[in-house]
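These notes are about the structure you will find just below.
The values are calculated or read from the model by the stated rules, or taken from the named source; none is laboratory data. Being a predicted model, the structure only gives us computed values, none of them experimental. So basically every Cβ, Gly included, is an ideal-geometry build from the backbone, and we count neighbours across all protein chains shown.
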Protein chains: 2
Amino acid sequence: MHEAFTDIGERDWDTGADGTVRLAVVGCGGFARGVVLPSIGDCDYVEATVGVSGSAENREKVADGHGLETTDYDGYAAGDLADAYDAVYVATPNRLHLPHVETAAEQGKAVVCEKPLEATPERAEEVVAVCEDAGVPLMTAYRMQADPLFRALKAFLDAGGVGAVEKFAGDFTFPVLMGSRGPDQWRLDAHLAGGGALMDVGVYPLNAARYLLGAEPEAVSGRTRTGGPYADVDEHVSFRVAFPDATGNFTASFSGHPNADFAVYGSEGVVRLFDAFQPNRGRRLVVETGDGSYEITGAGGGELREEFDYFAHAVLTGSDIGPDGADGLADVWLMDAIYADAE
Amino acid sequence: MHEAFTDIGERDWDTGADGTVRLAVVGCGGFARGVVLPSIGDCDYVEATVGVSGSAENREKVADGHGLETTDYDGYAAGDLADAYDAVYVATPNRLHLPHVETAAEQGKAVVCEKPLEATPERAEEVVAVCEDAGVPLMTAYRMQADPLFRALKAFLDAGGVGAVEKFAGDFTFPVLMGSRGPDQWRLDAHLAGGGALMDVGVYPLNAARYLLGAEPEAVSGRTRTGGPYADVDEHVSFRVAFPDATGNFTASFSGHPNADFAVYGSEGVVRLFDAFQPNRGRRLVVETGDGSYEITGAGGGELREEFDYFAHAVLTGSDIGPDGADGLADVWLMDAIYADAE
């Protein structure tokens, strides 16, 4: 096994920090309540103190379940609880990111904002600009970049583990209508979401390829399919991302058997990653080179805790943030170009 | 395990046939000598009787190693050994398929012609036309369509094994400079080959998707990269094939770690196939549905024997041939469109 995989989970970014960052969670939907808040409960450098929601029911849930002080969006905009948090996590529908980031910036709070950064490139530009103008740190919540297995994979690839990286492939299928989620959800609303499967789940392999390669695409293309309850947005997307010396071929879907495959094909080896993008799940990684092959099972995951500790550590120490606003903005522009090509 | 996989290797096409087809092998390169002729040695319905080559060394090899009568291309064109064979297998460089198929058609011999059918769509049209005009059977040598595991996979998909097929993904990387093959080979000659990685190996996932889906694409797109010894042809290609209700995202390369992945993503399951396209190799197939998952290892392969027995059985019984000339022609047109888009 390559040495890059021997210390999976060791925080290469953690130089130690004093204190904790008190966090307001703006938007208390299922992902924030069910995945993020429990993960923050395990964090070293973050404490969730405030929950902001337009839903009285969700405010009650985060108050009772996680001990948060709560307010609604008007209260948040008015700064009612601003003394109780140092930073803001924005987890609303995409098109509502900008006003909530603006509020945080006005309040001088650091921001971690869900992906995609906004519903359009122009609005994402504004998200970046308001944070820059206010001098507050902005992180785009690309949890994979904090995932221990992805970080080890990047170290492996950077060390030439598969020689030159030639190709990426991947699929992320997230059946949005599964479980209790019906068709009346913002992910299927083109205005609120800015797009469908590409914006919501296609952004994972897209960002993963850019992160792992450390390079920017020079061209993209795409094709979408839609229908039924997905009439306004792409139910399926297939897209190609052309880097100067590599290509990524990806698909993403809002329907279908749940799936998250990701593969890296190099001049001297292949890496296949299964369950690549499901939240907090241990993943399976298979490395194959001329020297043989090996499998790593159940590593990685827990990336939500890592993501929020990484963010808070950066805020506390004043260090640079990896997936910053520019990173998030780049993907929104690329997805806009993919949609334009698909038209 | 689905019943489609319980009788892998059972020949659903074999109704029995009397006699054997005597075959002339036209073009005795490494694949014909090292892979095809040994496989034909195991066939029930075929006997290789004649070898045609422009190389005295290769004629000697197939005479000594496989007991073939031999001649050169002039002798073949003149019909010197025409009484010694009933059918012709054309395994020359792509742009030489047409003249050799023409000769076979004039001689009234059935033809099995390597893929891609020719170097250009126009020439592939002629390959089909001369066989039609002469009334001789024409098979395009898509060995995967004879592979027991692929046939079982098609039966599984046709039976709704993964629900609706939504997406295909695949990569076929064949390092052409590996081993004893240097840069002076016809596969790197744009005129002789008609293209690079797409024509030689990309055609496998392309044809596999068309075969498995039983549908034709309505749009394609592609991107190629090249350089070094591959200056004339595509070293890497990534291409998208859009069917009415599904998409295929594929890559193929002439350099890189050897690889052949193929995956089918459906509304109710996923199938992943490893070592999908390597000749005669037992493959690994993983099926994952809502009911659980299972793996089939070492099944399939031996498809060269199956391919030639399938062809000979069809010739002997006068039955239709699955991968016919039209099938081969369709791929040449599609690859032409992929190259045009990549320009």
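The table below gives the values:
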read-out: Qualifying positions in the stretch B:169-183 - within 13 Å of another protein chain (Cβ to nearest Cβ), under 26 Å from residue B:248 (Cβ atoms) and surrounded by fewer than 24 Cβ atoms within 10 Å (Cβ to Cβ); value: B:174, B:175
read-out: Subset of the stretch A:1-30 (residues that are of a type in the set (S, T, N, Q) and either at pLDDT below 95 or within 30 Å of residue A:290 (Cβ to Cβ) (or both)); value: A:6
read-out: The lone exception for residue A:162 - which of (1) assigned by TED's automatic domain parsing to the domain that holds residue A:268; (2) farther than 30 Å from residue B:222 by Cα; (3) not small (Gly, Ala, Ser) it fails; value: (2)
read-out: Those residues of the stretch A:210-238 which are away from chain B (no Cβ under 12 Å) and of a type in the set (A, V, I, L, M, F, W, C), in sequence order; value: A:212, A:213, A:215, A:231, A:233
read-out: Residues satisfying the stated conditions in the stretch B:284-293, i.e. touching a strand residue (DSSP E or B) at 6+ places or on another chain (Cβ under 7 Å) and either among the β-branched types (Val, Ile, Thr) or more than 11 Å from chain A (Cβ to nearest Cβ) (or both); value: B:284, B:285, B:286, B:287, B:289
read-out: Enumeration of residues in the stretch B:209-222 that are crowded, with 22+ Cβ neighbours inside 10 Å and out of contact with any Leu (no Cβ under 9 Å at 6 or more places or on another chain); value: B:209
read-out: Any hit, the stretch B:191-198, residues being of a type outside the set (Ser, Thr, Tyr), in a strand (DSSP E or B) and within 13 Å of chain A (Cβ to nearest Cβ); value: no
read-out: Positions within the stretch B:262-321 being in the same structural domain as residue B:204 (by TED's automatic domain parsing) and among the polar types (S, T, N, Q), in sequence order; value: B:267, B:278, B:280, B:289, B:293, B:297
read-out: Residue in the stretch B:287-297 that is closer than 29 Å to residue B:14 by Cβ, modelled with pLDDT of 95 or more and of a type outside the set (Val, Ile, Thr) present; value: yes
read-out: In the stretch B:249-283, residue surrounded by the fewest Cβ atoms within 10 Å (Cβ to Cβ) [restricted to those that are part of a strand (DSSP E or B), of a type in the set (Gly, Ala, Ser) and within 8 Å of chain A (Cβ to nearest Cβ)]; value: B:266
read-out: Test: residue in the stretch A:144-151 that is more than 30 Å from residue B:260 (Cα to Cα), among the hydrophobic types (A, V, I, L, M, F, W, C), outside any helix (DSSP H, G or I) and within 16 Å of the chain's Cα centre (by Cα); value: no
read-out: Count - residues of the stretch B:66-118 that are without any contact (Cβ under 8 Å) to a residue 40 or more places away in the chain, under 16 Å from residue B:29 (Cα atoms) and touching an Asp or Glu at 6+ places or on another chain (Cβ under 7 Å); value: 2
read-out: Condition check for residue B:159: small (Gly, Ala, Ser) and in contact (Cβ under 8 Å) with a residue 40 or more places away in the chain; value: yes
read-out: Residue within the stretch B:135-147 that is modelled with pLDDT of 95 or more, at positive phi and surrounded by fewer than 24 Cβ atoms within 10 Å (Cβ to Cβ) present; value: yes
read-out: Criterion: more than 11 Å from chain B (Cβ to nearest Cβ), surrounded by 16 or more Cβ atoms within 10 Å (Cβ to Cβ), within 21 Å of residue A:160 (Cα to Cα) and not small (Gly, Ala, Ser) - qualifying residue of A:296, A:321; value: A:296
read-out: All positions within the stretch B:294-343 that are more than 29 Å from residue B:23 (Cα to Cα) and not charged (D, E, K, R); value: B:294, B:296, B:297, B:298, B:334, B:335, B:337, B:338, B:339, B:340, B:342
read-out: Hey, residue A:314 in contact with a strand residue (DSSP E or B) (Cβ under 8 Å, 6 or more places away or on another chain) and either buried (at least 16 other Cβ atoms within 10 Å of the Cβ) or outside any helix (DSSP H, G or I) (or both) or not; value: yes
read-out: Residue B:205 being part of a loop (DSSP other than H, G, I, E, B), at pLDDT 95 or above and under 19 Å from residue A:251 (Cα atoms); value: no
read-out: Residues located in the stretch B:223-242, provided they are surrounded by fewer than 21 Cβ atoms within 10 Å (Cβ to Cβ) and either within 21 Å of the chain's Cα centre (by Cα) or among the hydrophobic types (A, V, I, L, M, F, W, C) (or both); value: B:231, B:242
